[in-house]
1. Identify the single condition in (1) under 20 Å from Ser852 (Cα atoms); (2) assigned to a loop (DSSP other than H, G, I, E, B); (3) open to solvent by 20 Å² or more (accessible area, probe 1.4 Å); (4) not β-branched (Val, Ile, Thr) that Met595 does not satisfy, given that it satisfies every other one.
2. So which residues in region 143-157 are more than 21 Å from Asn170 (Cα to Cα) and either assigned to a strand (DSSP E or B) or open to solvent by less than 80 Å² (accessible area, probe 1.4 Å) (or both), if there are any at all?
3. From the set of residues in region 685-707 that are aromatic (Phe, Trp, Tyr) and part of a helix (DSSP H, G or I), which is most open to solvent (accessible area, probe 1.4 Å)?
4. Can you tell me which residue among Lys340, Lys346 is open to solvent by 90 Å² or more (accessible area, probe 1.4 Å), under 30 Å from Cys313 (Cβ atoms) and in contact with a Gly (Cβ under 8 Å, 6 or more places away or on another chain)?
5. Which one is farthest from Thr507 (Cα to Cα), of the residues in region 442-462 that are at pLDDT 90 or above and open to solvent by 50 Å² or more (accessible area, probe 1.4 Å)?
6. Among the numbered criteria (1) within 23 Å of Glu866 (Cα to Cα); (2) surrounded by fewer than 21 Cβ atoms within 10 Å (Cβ to Cβ); (3) of a type outside the set (Gly, Ala, Ser), which one does Arg825 miss?
7. Tell me, please, whether a residue that is hydroxyl-bearing (Ser, Thr, Tyr), more than 30 Å from Thr236 (Cβ to Cβ), out of contact with any Gly (no Cβ under 8 Å at 6 or more places or on another chain) and part of a strand (DSSP E or B) can be found in region 193-200.
8. Sort out which residues of region 605-640 are out of contact with any strand residue (DSSP E or B) (no Cβ under 9 Å at 6 or more places or on another chain), open to solvent by 20 Å² or more (accessible area, probe 1.4 Å) and assigned to a loop (DSSP other than H, G, I, E, B), and write them in order of number.
Amino acid sequence: MIFNFEASDSDYCSNVSQLKYYCLVEKCPDTCVPSILINSISYCISDVKESNKLGTGEGCSNTCNGVGCFYDKNNCLNCNCVYGSCVLSSQNISQCWCPSDASSTSTSYGMPSSTVECICNDGFFNTTTLDSINACKPCNTDCAKCNSNDKCLSCKDKHAYISGSGCKCNDMYYNTTSLIEEDSCIPCNDECATCDKVDICLTCKDENAEPSNTGGCRCKDRYYKSTSVDDFNKCTHCNIDCATCENEYSCLTCIDDKAKVNFTSCACKDGYYALNTNPLYCSICNDSCLTCINNSTCISCLFEFSNIESGFCKCPLHSSASQKKCECDEGYYLVNLPNKPFSCEKCDKTCKSCNSSTFCLSCANSSDTITKTGECHVTCSSGYYYKDEICLSCLDLCNNCSDSLSCNSCVDNANMETSPLIKCLCDEGYEKNSRICEAKYFKAKISVNVKNRISIQFDEILKNDLIKENFEISIENIKSFTYSVKKKDFKIFYLLLQFIEDVKDGTRFNLTITKTPLRSKNGKILEKYIYSGNLHEYLTISKVIVAMANSTKAVTQVVVSSSLGSSVVSNPAAAWMIINTIQLISYIPLNSNPMPDGLDAFITGLGGYTEMIPNPFAYIFDSRTLSDPYLQARKFGTKTSVFWINIGPSMVTFLLILSMWPFLYFFSKFNLGKISIKIKKTLKNYRYNFFLRFWIQAYLDIGVASLIQLRSEVKIPGSGYFNQMSAVICIIIFILTPSCIVVCSFVGYFNIKNKDIEFFDKWGSLYCEFKNDKGFWSTQYYFVFLLRRLEFLLSQVYLNAHPYWQGGLNIFGSIVQTGFLIYYRPFDEKIMLFSAIIGEITTTLAIGLCFSFNFIESQKIVNFVEEVTIYTIIGGMGFQVGISIYATIVSFYLLWKKIEKIRVISFLKRAEVIKRQENFMDDKIITSHNN
C-alpha cells in the first residue's frame, strides 16, 4: 500500500534490504512520504526518486510516471489517488486506500484515477481531510449519519427522531437500551400515547383515559370503556349521577357517597333525601327517620314500633328506644293492631313483665313460679308440689313431682322403682337419712418400701377385683417408667414400679384409683380415690451401661482421630462431616425425651472424643463458682456450669493452632523452596479462614456451654461474673452469626460467583468446597447449617417442658437441612455431598426414633426401637467413615501417580543425556577415523 504516512527510521529502514527490488531507496529519509505496505510491513520510498527506474538504478521497460516500477521492469508503481494512497495487489495498483472508518468513492479495481476520494462511513464524520489514519471520528451512538459529534443527520432506529445530540423514540415507542440498533425502540401497549415500559403508559391515546397501575390505560372516573382504549375518544361518559360505571346502563359507584346504586342511576341511602338532582346530591334526614321526603317529614322510622307524629318518629307512651326498636317499660306490653298506632298497655299486677294482659314473662315476686299458662304462683322447694296456693309433700325421697302419686326424679344417690308402685330407694352403699341418701364409706391407706413397691390396703374386702387399668400413677420429673399390679388378696394390692432413669430420694408420686365408685362386699363406697407419697432413691446405670458408654467413647475417639489424620492428605471436609454428625447426635440426650439407659449411654459416649484434649481451664477456674447445671444438663452428664471449663477442649485446640502462627511467620522469611510456598499459603488461612472454620466446628459446643452458664447463678463474684459475661458475648455472636453470613454473602456474591482468589483466600471456609452455581441461596450452606444448630440448641435447652414441640422442631430442622442438600447439591465433590446427606439422614432418623419414646408404652417395643436407633447411628457413621477412607485412598493414589510421573520424566531426561553422550562419542570416533 502506498500512502501518505510519516514513520521513523526504526520503523522502516531495517527492512529495506529485504525489498531491494521493490523499494526505490538509496538511503532512509527522516520521514516517509509516501511509503509502501507489503505483507503488513511498511517500507520507505525515497523522496529522491526517479519515475522510470528501479531501486537498483536500472531503467523500467515501460514508461512510468509514478515512483518507479517493480523488479520485473514492466509494472509501474503509479498512484493517482487524491491523497497519494494506493493499495498494492499482485504487483499492481488495485484501488485507492482510505483511513479506517472511511471508504473510497470508487469500488472498481485497476488503476484508480486522480479524482477518486475517500468519504467517512455511516456513523462517522470528518472535520479535516482524509489523509490520516484516524481522520474519521465516531458519531453519537444513536446516529446513523451525522456531520458532527453532537448533530445527527439520521437515526439508526426507524422509530426514532433526532433530539439534541442524539435520538429519542417516537410516541408509542420506548427504549430500554441506547438507540444503537434498528429495533432499539419497542412498541408500547396499544392503549399508550407514550410509555417507558411495555405496559406502563405515561400518557394515553384517549383524553378521557389515564394510565393504569396494572398496565395499559383505564377510563377516568365518570367514564366507561365502550371499546378498546387503543384509539381516541373510546371512553364514554357515564350516567350523570355515577362516579364510576360499567356502561351507560350500570353504575358502580355514585358521585355522592350518601347515595347508593339504583340500577342505571343512583338513589339516596336510607336516612337521606334528595337535596339536588342532575346530578344527585343527598342530605341527611331527621335523626328519627329511616327514610324521609325532607328534613322534617319522615316516610318510615329508624326505630321499629315508632309512630309518625307531625312528620317525626316517636316511641309510644311508656316506652323508650333501645337497639333499633321501641321497647315498652317494665310492667307494660306492646299492642300492635292493624291500622292503629303502636301503644304500651299495663301488665297484670302479678307480672313483672309480660307479652299480653294475661301472660307473664317474669313475676313481680321473684320467688314465684310461672305456670305453662303464664300465671305466677308460689315456688315450692325440692320434694314439694303446688296445689290450691299451698306446697304439699311429694313421695319419700322424691325430689320433684306434680302430685302425691307421681315422681319426676329422685334425690341424689337414689333410684326410682315403678312397679308395683312408684317409689325412690337409696343406691347401694347409701342409706336414708331424713329426706336424703347418705354414703357409707370404707377407707384405704398406702405405703412404699425401699424398693419402691407401692402397697395399697383397704379396710374392707372389695366386691370386685382391681386390674392395672384401674390405676393411674404420675411421678414428679419422671416419665420413663412402667408398672404392674399384683394382688395379695381382695384387701391388699401391690404396684411394682420399673424405672429406666434415676429417681431421687423423696420424689413425689400420685396414685389414682380410676374405678368409681369402688364398693366393698358390705356395700360401702371407697371414701378417697387419690393418694400421694414419696419414693426412695433408685439408680438405673449399671456396669454394663457404663461399659457401653466407655466403649462408644473409645470408638468415637479412634474414628475422629483417623478422620482428622486422613484429612491431611485428602479433603478435610470428610472429617468435618463425621464430626458434625457426632456433635448433633451426642446432644440429643440434653432434651426431655424418655430415653432408655443403654441408648442414652451410647449417644452420650459419642461426644467423648473431646476428652482426648487436655483441659487446663479446669485448674484455672473453680467449678464451685456457679450453681450446679440445671436438671436436664446434669442428667446429660454436665458436671459444672462454668463456661470456660465446659469449652476448655475447644479453646485448647484454638490456642494450639493459633500458637503456630509466630513460627510459620518466622520460617516464611527464609527461602525454603516449595516448603516456603506451603508456609505462606498456610499463613493466608489466618486471614480469616482458620477462625471461620474454628467457629463453625465449635459453634454448637460453645452455644451449649453459654446457655448452661446463663441458666446458673453466680456464687463467687469475680470469676463467676467473668464467665457470665463471656457467655453473654458468645451467645450474642452465636445468635447473630447466621444473619451475618447471609448479609456478607449478599455483599460479596459477585466475588463468590466468580471465585475471586483474593476473596476466597480470606473467606474460603464458607464457600470454597461448594459449586455456588444455583443462585444466591446455593451459596448459603453454612447459613442453613448454623441456623439449624441454633434452632436445635434453643429447643434442647428451653423446650424440655414441651417435649412434643421440642421433638417436632428438631425433626423439622433436620428435614429442612436434608432438603437443602438434596435440592441444591452444593458440594463440588459428589462423594462429600453423599457424606453430608448420609449424615443428615442419620441425624433425622436418630432424633425421630428418640422422639418416638414419648409414645411407646410397651417395654418390648422400647427395646426394639433402642436397638434400631443404635444400629442406625452406627450404620450412618460407618458410611461416613468409609467415605473418608475412600477419599484418603484416592488422595494417596493421585499422589502416587504424581510421584510416578516425576520418576518417568527424570528417567527420560537421564536417557536423553546418555544418548547425547553416545552420539558425541560416535561423532568423535568418526572424526578421528576420517583424519
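The values are calculated or read from the model by the stated rules, or taken from the named source; none is laboratory data. This one's a predicted model, so the numbers in the text were calculated from it and none came from an experiment. FYI the Cβ positions are ideal-geometry reconstructions off the backbone, even for glycines, and counts take in every protein chain you see. For accessibility, only protein heavy atoms count, side chains too; no ligands or nucleic acids. Shrake-Rupley method; radii C 1.70, N 1.55, O 1.52, S 1.80 Å.
1. Failing condition for Met595: (3).
2. As a first pass, look at region 143-157 and keep what is more than 21 Å from Asn170 (Cα to Cα): 147-149.
Within region 143-157, Asn147, Ser148 meet the criteria.
3. At the first step, the residues of region 685-707 found to be aromatic (Phe, Trp, Tyr) are 686, 688, 690-691, 694-695, 699.
Those still in the list that are part of a helix (DSSP H, G or I) too: 690-691, 694-695, 699.
Details: Phe690: 26, Phe691: 75, Phe694: 37, Trp695: 49, Tyr699: 0 Å².
Residue satisfying both the conditions and the ranking: Phe691.
4. Values: Lys340 fails: in contact with a Gly (Cβ under 8 Å, 6 or more places away or on another chain).
The match here is Lys346.
5. Taking region 442-462 first, the residues at pLDDT 90 or above are 442-448, 454-462.
Going one step further and asking which of them are open to solvent by 50 Å² or more (accessible area, probe 1.4 Å), we end up with 443, 445, 447, 457, 459, 461.
Values: Lys443: 25, Lys445: 19, Ser447: 14, Gln457: 22, Asp459: 27, Ile461: 31 Å.
Per the criteria, the residue is Ile461.
6. Status for Arg825: all satisfied but (1).
7. The answer is no; no qualifying residue exists.
8. Passing the criteria: Ile613, Pro614, Asn615, Pro616, Phe621, Asp622, Asp628, Tyr630, Gly637, Thr638, Lys639.
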